[in-house]
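Below is one structure, written out as structure tokens; the observations come after it.
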Amino acid sequence: MKNAGNEQRAMIRDALVLFAITLVAGLLLGIVYDITKEPIMEQKAKAKAQACKNVFSVASSFEPLFEEDGPSAHFVAGLDSNVSIDEVMQALDASGNVIGYVITVTDHEGYGGDIQFSMGITLERTVNGISLLSISETPGLGMKAGDVLVPQFTDRTAQQFTYTKSGAANDSEIDAISGATITTNAVVNGVNGGLLFFDGVLAEMEGGAVNE
């Protein structure tokens, strides 16, 4: 009986020690989160602002167009479940006039997973360019997207883009990355998704968000 009592007290003691460790660890994690939350948010805001500038350098400022529950997250998915529109920012001139948009797009068909990028588009439907935000493709192949694909979308106007392995012959054709067709297809589809969203939502918004 004495041994049983000792074992019970030891179990209670161990449980209390474990509870104390868990409690302290939780408190420390909470403190660390509070300390790092604001710097992380500031860093994300800077990265977002830089991405907008990368694809719409003539804009003076950028403002979000939709709330989180707006139509942006659902429109393209209805046409192509592999593409989603994550965010739309209005590109404004020095007087606060809308001169275009920065659309954050994710294509879910990359070889290594999701490929997310920002694309700038003027009111005249010209793609200023794209800026990669997240990509995990094969080193030496799909990871060449930043060097091979991104520059090709600068100042391009096309109804829809296609990719080619034999050399682009017009503004609507994009030279594919050699040995990385899946990555090329994902990026091209993502840009086309952004164009579809521009045509189907931004250009048709009530009140004339896009100048006519």
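Here is how the numbers come out for the structure above:
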| read-out | value |
| --- | --- |
| Selection within region 99-119 - within 15 Å of M89 (Cα to Cα) and over 13 Å from the mean Cα position of the chain (by Cα) | I99, G100, Y101 |
| Pick from region 121-134, criterion in contact with a Ser or Thr (Cβ under 8 Å, 6 or more places away or on another chain) and open to solvent by less than 50 Å² (accessible area, probe 1.4 Å), ranking: farthest from D199 (Cα to Cα) | S131 |
| Subset tally (residues that are open to solvent by 50 Å² or more (accessible area, probe 1.4 Å) and under 19 Å from T106 (Cα atoms)) for region 160-174 | 3 |
| Any hit, region 136-159, residues being touching a residue at least 24 places away in the same chain (Cβ under 8 Å), farther than 17 Å from V83 by Cβ, small (G, A, S) and surrounded by fewer than 18 Cβ atoms within 10 Å (Cβ to Cβ) | yes |
| Region 175-198, subset open to solvent by 10 Å² or more (accessible area, probe 1.4 Å) and part of a helix (DSSP H, G or I), residue nearest to T157 (Cα to Cα) | N192 |
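The values are calculated or read from the model by the stated rules, or taken from the named source; none is laboratory data. This is a predicted model, so every value here is computed, not measured. Backbone-built Cβ (ideal geometry, glycine too); neighbour counts: all protein chains shown. Protein only, heavy atoms only, side chains kept; ligands, DNA and RNA dropped before computing areas. Shrake-Rupley method; radii C 1.70, N 1.55, O 1.52, S 1.80 Å.
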